[in-house]
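Structure first, then comments.
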Amino acid sequence: MGKVSLVIGLVEDKRQQQFVYRFLKKIGYLEHEIRFRPVPGGHGSGAHWVLTQYAREVEIYHKRSVRAQTALVVAIDADDGSVTQRRQQLDDRAARTANDRIAHLIPKWSVETWILCLNGVAVDEDQSYRRAPDIDEKVSAAAATFFTWSRPNATLPPHCTPSLRNAIPEVWRLD
């Protein structure tokens, strides 16, 4: 596969967008190579919005991939369900092949759980950390740590959450 010329981001909120953007920059994408679909403006469920847009975005990805190397990054919280259930909801809407550069990033509860974990905090994935203080200041460091943890042969620390472990092979799909 060649160099991707455009990465499309489908995320449910601004904090996920910040995290994904900073991670994509860390792995070498330039600002003009990253485009996010507009995040819903505070009304309704962001997860519902991602689920309703997913099939359309996969179709756009496939059409664009015929003529230009493209990737799609989908970030959606599992909330109080499981990561497996959320992944199944995406798969039920549109299938992806082993060669598709479509990455599913699915934090348990919310991306704040990942941000704290990636900043060295031992978290419990059965709890919500949505209201944790100073999260926005920790996003850049979290994205840098996620980059480090996602490198081939990286040794993950014991406090790495299961949903983060699941996300690492997902970002390999972008290479």
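Please treat every number below as a calculation from the coordinates, not as lab data. Please read all numbers here as calculations on a predicted model, not as lab measurements. A quick note on method: Cβ atoms are made from the backbone with ideal geometry, for glycine too, and the neighbour counts reach across all protein chains shown.
With K and R counted +1 and D and E -1, the other residues having a Cβ less than 13 Å from that of residue 34 yield a net charge of +3.
Over all other residues within a Cβ to Cβ distance under 11 Å of residue 147, the charged ones net out to +4, with Lys and Arg as +1 and Asp and Glu as -1.
Both radii come from the Cα set of segment 6-172: Rg as radius of gyration, Rh as Kirkwood radius; their ratio Rg/Rh reads 0.93.
Of the trypsin sites (Lys or Arg not before Pro) in segment 78-147, the ones in a loop by DSSP (not H, G, I, E or B) with at most 12 other beta carbons within 10 Å are 131.
Dividing the helix sum by the residues of the chain, where each DSSP H run of 4 or more adds -39500 (n - 2.57), gives a mean residue ellipticity at 222 nm of -13000 deg cm²/dmol.
What percent antiparallel are the DSSP beta bridges of the chain, to the nearest 5?
Details: 1 of 14 bridges.
Once the DSSP bridges in the chain are tallied, antiparallel ones form about 5 percent.
Size descriptor for segment 1-103, Kirkwood hydrodynamic radius: 14.1 Å (Cα pairs only, one decimal).
Taking 28 Å as the straight-line reach from the Cα of residue 3, the lysines in range (excluding those fewer than 8 positions away in the same chain) are 14, 25, 26, 63. Positive-end ranking of 65, 85, 23 along the dipole of the chain, with charges on Cβ about the Cα centre, is headed by 65.
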